[in-house]
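In what follows, a structure is listed as structure tokens, so that the remarks can point back to it.
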Amino acid sequence: MADLGELKIPAPMRAVAGTIIALTDEVCADLLDEEYASLARRAVAKLARKRPSPIQSGRAPTWAGAVVYALGQVNFLFDSSTKPYATADDLAAAFGVAKSTLGAKAKQVRDLTKMDYGTPEFLCKDLVDASPMIWFIQVDGLIVDARELPPQIQAQAFELGIIPYIPALGRDGTTEWLNGISGPLSGQRERLLVCGTGGPGAGPGRRLPGASSAAPAPAVPPAARFRVTPPPR
């Protein structure tokens with residue numbers, strides 16, 4: 001069973017949210033995978049934190065099915081070339097809810113959670129890695145691909161919550177960097193320095209783990225000199 005406290009679900013909403021999550025967990029285990037189950041828990045938690053929360057009314061199977069249906073839409077679940085793959089009819093049968101009802105309620109879920117193809121919070125990892133929409137940011141008024149920028153600016157964008165991880169370090173390397181774990185990660189992290197921007201452990205001259213103390217400063221200006229913002233939607 002999911003830890004509802006860890007999901008930051010308010011105590012008064014935990015019974016309702018727990019019922020919905022139990023359904024999404026069951027269907028995802030049978031039909032999809034653990035990654036979809038995790039994304040569904042995150043979406044239900046976000047709905048539960050709304051004031052007033054929409055999941056207080058309506059049937060649990062309808063909300064559960066709509067959450068998974070909405071996630072399927074933005075993750076191309078209904079495309080037979082993807083894995084996992086399922087049809088809208090499969091989801092309707094699994095949750096015992098009419099396909100038309102799921103489709104209509106899924107739109108409500110997407111609208112309430114601001115879920116779309118450019119929202120990494122609700123995308124599978126391989127889609128996040130491959131989707132250019134996730135990585136477009138605005139630097140000093142210019143829209144650019146964050147993956148092509150110097151690591152200092154990547155780190156600034158990450159600490160501002162604009163991109164899901166620091167491309168120069170990779171997903172796992174970013175996690176270790178946040179946790180303050182040193183050790184061999186990727187050759188790309190060597191000689192990288194980061195100017196802190198207010199994120200975890202930030203501060204002038206903050207070093208990425210594994211960076212040599214004798215390494216010269218990068219040729220690019222400090223990230224703090226750039227104005228980094230999300231691109232216009």
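Values in this text are rule-based calculations from the coordinates and carry no lab data. For clarity, every value in this text was computed on a predicted model and none was experimentally measured. Here the Cβ positions follow ideal geometry from the backbone for every residue, glycine too, while neighbour counts run over all protein chains shown.
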How far apart, in nm, are the 7 Å Cα→Cβ label points at D111 and D79? 2.6
Here the alpha-carbon Rg of the stretch 11-126 over 2.2 N^0.38 Å rounds to 0.95
Name the long-range amide H neighbours of F136: under 5 Å, sequence gap of 5 or more, or other chain; modelled H, no Pro or chain starts. A146
Distance violations [Cα-Cα > 19 Å] among K83/K114; K46/K105; K50/K114; K50/K105: K83/K114
